Structures are given as C-alpha cells and as structure tokens.
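The values are calculated or read from the model by the stated rules, or taken from the named source; none is laboratory data. Values in this document were obtained by computation on a predicted structure and should not be read as measured data. So basically every Cβ, Gly included, is an ideal-geometry build from the backbone, and we count neighbours across all protein chains shown. Calculation scope for accessible area: heavy atoms of the full protein, side chains included, ligands and nucleic acids excluded. Shrake-Rupley method; radii C 1.70, N 1.55, O 1.52, S 1.80 Å.
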Amino acid sequence: GGGRVRVSAGVYQLDGRISANGGSPINSTGGAGGSVWLEASSQFTGTGQVQANGGAGTVQYFWNVCVFSYCIWTNSLGGGSGGRVRVSVAKTTSQFEGVVQALGGLEPARDAQSASRGG
C-alpha cells in the first residue's frame with residue numbers, strides 16, 4: 001500500500017508533491033493508496049499536488065497449446081483502490097490552488113479507472 005503521511009504546520013505552502021500512492025508490481029494487483037493528512041493552523045497555499053492514488057494492475061499472459069494453433073490466455077489484475085486525503089485548515093483565508101487526488105488504479109484490460117475511489 002501507499003503508506004501514511006502526516007504534516008502539521010502553522011503556515012503551509014505546497015508547490016511540490018506529497019504522495020502516498022500504491023505500487024504497481026509485476027504480475028499482481030495494484031497496491032491501495034495510502035493516507036495523507038495535512039494540517040495548517042493558520043494558512044494553506046500553493047499550486048502543488050496531494051496524492052493517495054491506487055497503483056495500476058498488470059496483465060498476466062499464459063500460453064496454452066490449442067488444437068490447430070497456439071493460443072494466448074490473459075488475466076487482467078485490477079488496480080488498487082484510492083486512499084484517503086484530509087486537509088485541515090483552522091482559518092478560511094487559505095488559497096490552495098493545486099490538485100488533490102485519491103483515484104483508483106487502472107486495470108489494464110479495461111484501460112479505465114476500475115477501482116473504487118477514496119472519499
């Protein structure tokens with residue numbers, strides 16, 4: 001899974017990226033997104049990214065001999081579920097204009113957001 005990140009500060013400006021994303025291992029389902037908890041007692045600003053996305057699944061290939069030709073069997077392994085993001089700001093003067101995500105990981109065979117989204 002994506003692990004856990006917790007940051008507490010008085011004034012917090014995020015222009016980079018904080019992530020607790022799940023992994024995308026070979027021949028396995030994607031790892032679940034972790035959790036990110038940001039606390040600012042005074043102000044939260046910036047244009048960065050906060051992510052707790054699930055990792056992508058993979059496709060397994062199996063070779064079987066058919067009657068007149070070779071056949072390929074595939075097994076699509078699903079993506080990991082999205083994690084959780086919490087942003088706590090004591091004052092309403094904050095102006096964070098960045099991106100906050102907790103998306104489910106991709107399932108290769110469907111090429112879409114297949115796992116549940118965090119909320």
Checked against (1) modelled with pLDDT under 85; (2) surrounded by 14 or more Cβ atoms within 10 Å (Cβ to Cβ); (3) under 13 Å from the mean Cα position of the chain (by Cα), Ala20 satisfies every condition except (1)
Within region 10-60, residues among the β-branched types (Val, Ile, Thr) and over 18 Å from Arg84 (Cα atoms) come out as Val11, Ile26, Thr29, Thr45, Thr47, Thr58, Val59
Return a yes/no flag: does region 29-49 have any residue that is modelled with pLDDT under 90, open to solvent by 20 Å² or more (accessible area, probe 1.4 Å), more than 14 Å from Gly105 (Cβ to Cβ) and hydrophobic (A, V, I, L, M, F, W, C). no
